[in-house]
Amino acid sequence: MNVARHLGQQGADVLFASRVGTDESGKGLVEFLKTNSLYGGLIQGDTELPTCEVTVQLDKDGHATYIIPQPVSWDNIQTDNTLIQAAKDASAIVYGSLACRDVTTRDTLLNVLNETMALKIFDVNLRPPHYTLSIIEKLAAGADVIKMNDDEAVLLTEGDKGNLRELITEFQKKHRAKTICVTRGENGAIVWHQNEFFEHPGFKVKVVDTVGAGDSFLATFINGLLNKQPMPQILEKACAVGAFVAEKRGANPKYDETVSKLLQLK
């Protein structure tokens, strides 16, 4: 949802798919999505499972850990004609590993990916203990674009963080993605794209809250890809927006004039 909201701020036409309970939290979330132009008929209702409420804990440096209950309504997203048609009409589909911890939602995602020609963007986004390496391998195998952080890159390749280019090259040979992006926190990001490496050192800011920083980076990165911008420009913008979010409280701060100018928003 954070990725969708940032894409919306950047002028993209976004649909968000999920499933909520018929409880008060679910009703509140649906109203929130409608208010933020993210409710497009792809939010299913569940009469048995509750709406998910995640507890976020910040350490002294503003870095987050998450307590995620199970099972919840988004573990039970069903394949239906509305969802399949939306996938067929989309330019890109963004998905992560967390929703695939349960077989029902995982099968729905795989059904959707099999039915579309859209650009498939996999945000690895590992949240222990809610993943298995075999599922990550399966999700990566069908992706056109893969985004992960440097810790995830080390975990998935069993390599050395000091040689990210080698890790990315190894990962790309195995999974054949067109684009692989590895974020490095305050040190920016490195991308393999069209048989070439691109890097950005990042922007130094006073971190307040890292929640949503990676999502804002990914949204900006996606927007740049879809608008066929040069990769160095995409990376600079993505790192700048990620840094802006990290120095604010909350995952979706409203863009200020500097960020809007950088993104050339009206």
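Full extension of the chain segment joining A12 with T169 gains 53.4 nm, where the gain is 0.36 nm per residue of separation less the Cα-Cα distance. Using C-alpha pairs under 8 Å with a sequence gap of at least 6, the mean separation divided by the residue count of the range 154-243 gives a relative contact order of 21 percent. A DSSP coil position with no more than 13 other Cβ atoms inside 10 Å describes the following GluC sites (Glu not before Pro) in the range 117-214: E158. Shown here for the range 1-86: GluC sites (Glu not before Pro) in loop regions (DSSP other than H, G, I, E, B) with at most 10 other Cβ atoms within 10 Å, namely E48. Amide H to amide H distances under 5 Å link K147 with F122, D123, V124, C181, where only residues 5 or more positions off or on other chains count and H is placed in the peptide plane.
Comparing G185, G159, G142 in a Gaussian network model of the chain (Cα springs below 10 Å), the most mobile by mean-square fluctuation is G159. Taking every alpha-carbon pair under 8 Å whose residues sit at least 6 apart, the range 22-85 reaches a relative contact order of 30 percent. Exceedance of the 27 Å cut-off in Cα-Cα distance is limited, within the set K60/K161; K60/K174; K88/K237; K178/K237; K173/K204; K178/K261, to K60/K174; K88/K237; K173/K204; K178/K261. Across q = 0.11, 0.19, 0.21 Å⁻¹, the range 30-138 modelled as identical point scatterers on its alpha-carbon atoms has Debye log10 I(q)/I(0) values of -0.41, -1.19, -1.37, in the order of the q list. The alpha carbon gyration tensor of the chain gives principal lengths a ≥ b ≥ c with a/c below 1.5, which makes the shape rounded.
Charged side chains reduced to their Cβ positions (Lys and Arg at +1, Asp and Glu at -1) give the chain a dipole of some 660 debye around its Cα centre.
With both bridge residues required to lie in the chain, what share of the DSSP beta bridges run antiparallel, to the nearest 5%? The answer is about 45 percent antiparallel.
Solvent-accessible surface of protein heavy atoms, probed at 1.4 angstrom with all chains present, puts H130, H6, H63 in the order H63, H130, H6, largest first.
Here the chain exposes an accessible surface that is 49 percent carbon and sulfur, computed with a 1.4 Å probe and the other protein chains kept in place.
Restriction of the GluC sites (Glu not before Pro) in the range 229-266 to DSSP coil positions whose beta-carbon has at most 12 other beta-carbons within 10 angstrom yields no sites.
Treating each Cα of the range 83-193 as one equal point scatterer and applying the Debye formula with no solvent, the log10 of I(q)/I(0) at q = 0.09, 0.15, 0.19, 0.21 Å⁻¹ comes out as -0.23, -0.63, -0.97, -1.14.
The values are calculated or read from the model by the stated rules, or taken from the named source; none is laboratory data. What you see is a predicted model, and the numbers here were worked out from it, not measured in a lab. Cβ atoms come from the backbone with ideal geometry, glycine included; neighbour counts cover every protein chain shown. The area values use the complete protein model at the heavy-atom level, side chains included, leaving out ligands, DNA and RNA. Shrake-Rupley method; radii C 1.70, N 1.55, O 1.52, S 1.80 Å.
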